[in-house]
Amino acid sequence: MRGCAVLPYDLATMPGHKPTIGKRRQSWRQSLLGGACLVFCLLTIRVVALQAFTITSGSMEPTLLAGDFVWVNKAALGSRIPFTDIRVPGYSEPRRGEILVFDPPHDDTLMVVKRLVGMPGDTLAMRDKTLFVNGVARDEPYVLRTDQPDLSTGAMLWQRQIVIGGPREDYLPTRDNWGPLVIPDGRYFMLGDNRDNSIDSRTWGLLERWRLEGRIVVRYFSYNRDSYRAFPFIREIRWDRIGTRPR
């Protein structure tokens, strides 16, 4: 019986065969383009739609606790394009009582979260820790008040410029007693829910509209940030807060 001889041949010369190098290059380019598009879409969402923030202080307790992770809707109020003065218009306006993230006037490196209590044209005052808006005491079940003694600070003297009957040298506001103030057009007044332990508009002043970044929509994670136990982000998860909306 005769054996079969196997002859060497070039696959590229066989009828009906097409080289695969071009296809591989095309596939690589498509993958790279797809990855770039994905990164671009994610960055666009972060800039103009949603952004994650972490609460690091107790100034909004009990509404927000240190260790709460929240999603912020930036599209609602409009967002700025980084490194430009261009602002993408929002689909709504700020509302009194909602919790907002903003760029504070006293520190350009921070993003801060507080509650919007004063709108343009409002008259605000506080008497013995009770907030009055347009002469009416506000019902604020979310506010944390303590027995700390009232304090006065020179940082609050900016209020003399908008106090009714002012500017007045005899106007000496304190943390728990100030006003009445008239909020100018295009300005907003923010307060922390932990009223005795919050640095807010009482000291650093009013916000311009462009400083408002967005409103908090939901907590997507929460853990006891102040715990001394190892791995608190695993062992100290606050399950009852996850998926809830701060109000």
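The values are calculated or read from the model by the stated rules, or taken from the named source; none is laboratory data. Just so you know, these numbers come straight off a predicted model, no measurement behind them. Note: areas computed on protein heavy atoms with side chains; ligands, DNA, RNA excluded. Shrake-Rupley method; radii C 1.70, N 1.55, O 1.52, S 1.80 Å.
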Original post:
What do you reckon, how do 229, 241 stack up by accessible area (1.4 Å probe), largest on top?
Top reply: 229, 241
**OP:** Name the long-range amide H neighbours of residue 244: under 5 Å, sequence gap of 5 or more, or other chain; modelled H, no Pro or chain starts.
**Re:** 219
**OP:** Starting from the amide H of residue 68, placed 1.01 Å from N in the peptide plane, find each other amide H under 5 Å away whose residue is 5 or more places distant or on another chain.
**Re:** 55, 223
**OP:** Determine the distance separating the Cα centre of the stretch 60-79 from the Cα centre of the stretch 120-199; give it in Å without decimals.
**Re:** 23
**OP:** Please list 183, 234 in order of solvent-accessible area, largest first, computed with a 1.4 Å probe with all protein chains present.
**Re:** 234, 183
Original post:
What does the accessible area of residue 60 come to, in Å² to the nearest 10, when a probe of 1.4 Å is used?
Top reply: 0
**OP:** Can you sort 158, 71, 178 by 1.4 Å-probe accessible area, starting with the largest?
**Re:** 71, 158, 178
